[in-house]
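A.B. asks: Structure provided below as structure tokens; questions to follow.
Only the coordinates and a few stated rules stand behind these numbers; no lab work does. Predicted, not measured: the structure shown is a model, and the values here were computed from it. As a convention, Cβ positions derive from the backbone with ideal geometry for all residues, glycine included, and neighbour counts pool all protein chains shown.
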Amino acid sequence: MPTKSKNPYLPFGDQQNAPWYGKDILSVKQFSRPDLNYIFAVAHEMRIMVERVGTFDLLKGKILANLFYEPSTRTSSSFMSAMQRLGGAVIPISEVKYSSVAKGESLPDTVRTLGCYADVIVIRHPEVGSAALAAKHARKPVINAGDGVGEHPTQALLDTFTIHEELGRLDNLNVTMLGDLRYGRTVHSLARLLTRFKGIKMNYVSPEALRMPREVIEEVAAKGYPQSEHATLEKILPETDVLYVTRVQRERFEDPAEYEKVKSAYVITPEVMKPAKAEMIVMHPLPRVTEISMDFDDDPRAAYFRQMEYGLYVRMALLAMVLGKA
Ligand code: ASP
């Protein structure tokens with residue numbers, strides 16, 4: 001991944017030689033295991049700093065353009081919070097209907113524009129490959145915050161950071177992904193990223209129509225990782241260390257009748273969780289609809305609200321890295 005053109009007027013203190021300086025973050029395929037160790041170490045530092053002082057000036061004078069063509073609560077607000085906690089500023093464009101996009105402006109022109117005003121661009125867009133297209137035309141680093149059913153790399157980074165912080169390890173884990181594995185981009189990124197660790201077994205539980213895409217299964221298989229597919233959770237739950245639940249992605253269905261058929265395929269309740277280990281975690285990228293009952297929220301294994309907090313620290317780390325401050 002090439003570094004974006006060097007800025008001749010770079011303010012004092014930017015480390016042009018920092019390994020992630022000026023890089024786009026488009027896919028989990030970019031990250032090696034040592035990269036992950038580094039990101040987690042920086043994210044851990046960010047956590048300590050937020051707990052100690054809340055906000056500090058590492059990115060003072062820097063500007064983030066937050067460009068969201070699809071709905072978002074956590075990803076957009078955690079990137080905004082991350083930038084502001086690091087002392088930087090944000091141009092939020094979440095209502096693209098109020099921007100020139102509504103006048104028919106192309107994605108390349110929009111990111112060319114934002115590259116003049118901001119130092120880094122975060123983008124979410126409904127089309128697979130849109131973040132890569134944006135990166136091609138932007139002269140500032142672009143971070144993919146979800147490209148349709150493609151990838152959501154920063155989510156997978158925060159998901160693996162969550163597993164690390166909660167279970168204390170990322171090797172030798174039995175990870176079960178449940179729900180909409182076809183349209184859920186977070187599981188596409190997570191399955192790929194888990195191949196950086198040792199002794200991982202992946203289980204996919206979904207309705208027939210929402211199975212994990214072949215290309216993801218083949219990529220994971222090519223790296224020699226065991227995987228299994230199931231229609232129900234029962235058999236696989238007792239040996240699961242991480243249960244990663246996903247929402248059925250209503251907005252990706254062409255036929256609403258098809259969505260109705262599968263929307264309530266699985267519901268995690270305290271009763272369903274009885275056969276699970278005491279030492280395991282339940283994750284969810286959120287938003288949840290009906291797939292995890294609120295009755296389960298107080299169970300110590302319910303890690304999904306802690307997971308979204310870890311997202312703040314990981315996104316702080318990523319912003320600092322691509323801006324040459326970590
Ligand atoms: N927030 C996640 C995403 O943007 C998960 C979801 O929407 O279900 O992919």
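A.B. asks: Restricting attention to segment 183-200, and to residues there that are within 16 Å of the ligand (Cβ to nearest atom) and touching a residue at least 40 places away in the same chain (Cβ under 8 Å), which single residue is nearest to V220 (Cα to Cα)? Show your work before the answer.
C.D. replies: First, pick out the residues of segment 183-200 that are within 16 Å of the ligand (Cβ to nearest atom): 183-193.
With touching a residue at least 40 places away in the same chain (Cβ under 8 Å) added as a condition, the list becomes 183-184, 186-187, 189-190, 192-193.
Details: Y183: 18, G184: 17, T186: 15, V187: 12, S189: 11, L190: 11, R192: 6, L193: 9 Å.
Residue satisfying both the conditions and the ranking: R192.
A.B. asks: If you take the residues of segment 166-182 that are within 16 Å of the ligand (Cβ to nearest atom) and of a type in the set (A, V, I, L, M, F, W, C), which of them is surrounded by the most Cβ atoms within 10 Å (Cβ to Cβ)? Before you say what the answer is, go through the steps one by one.
C.D. replies: Of all residues in segment 166-182, those within 16 Å of the ligand (Cβ to nearest atom) come to 177-182.
Okay, now just the ones that are also of a type in the set (A, V, I, L, M, F, W, C), so 177-178, 181.
Numbers: M177: 26, L178: 28, L181: 24.
Looking at the filtered set, the residue picked out is L178.
A.B. asks: Another question, then. Considering each of M280, M316, M321 in turn, give the residue that is surrounded by 13 or more Cβ atoms within 10 Å (Cβ to Cβ), more than 30 Å from A18 (Cβ to Cβ) and not polar (S, T, N, Q).
C.D. replies: Numbers: M316 fails: more than 30 Å from A18 (Cβ to Cβ); M321 fails: more than 30 Å from A18 (Cβ to Cβ).
Every option except M280 fails the conditions.
A.B. asks: While we're on this one: Just one of the numbered conditions (1) part of a strand (DSSP E or B); (2) within 16 Å of the ligand (Cβ to nearest atom) is not true of Y204; which one?
C.D. replies: Of (1) part of a strand (DSSP E or B); (2) within 16 Å of the ligand (Cβ to nearest atom), only one is false for Y204: (2).
A.B. asks: For residues that are of a type in the set (G, A, S) and within 30 Å of Q249 (Cα to Cα), tally how many sit in segment 19-75.
C.D. replies: The qualifying residues number 5.
A.B. asks: For segment 212-224, which positions are assigned to a loop (DSSP other than H, G, I, E, B) and either crowded, with 18+ Cβ neighbours inside 10 Å or in contact with a Gly (Cβ under 7 Å, 6 or more places away or on another chain) (or both)?
C.D. replies: Taking segment 212-224 and keeping what is assigned to a loop (DSSP other than H, G, I, E, B), we get 212-213, 223-224.
Answer for segment 212-224, where residues must be assigned to a loop (DSSP other than H, G, I, E, B) and either crowded, with 18+ Cβ neighbours inside 10 Å or in contact with a Gly (Cβ under 7 Å, 6 or more places away or on another chain) (or both): just M212.
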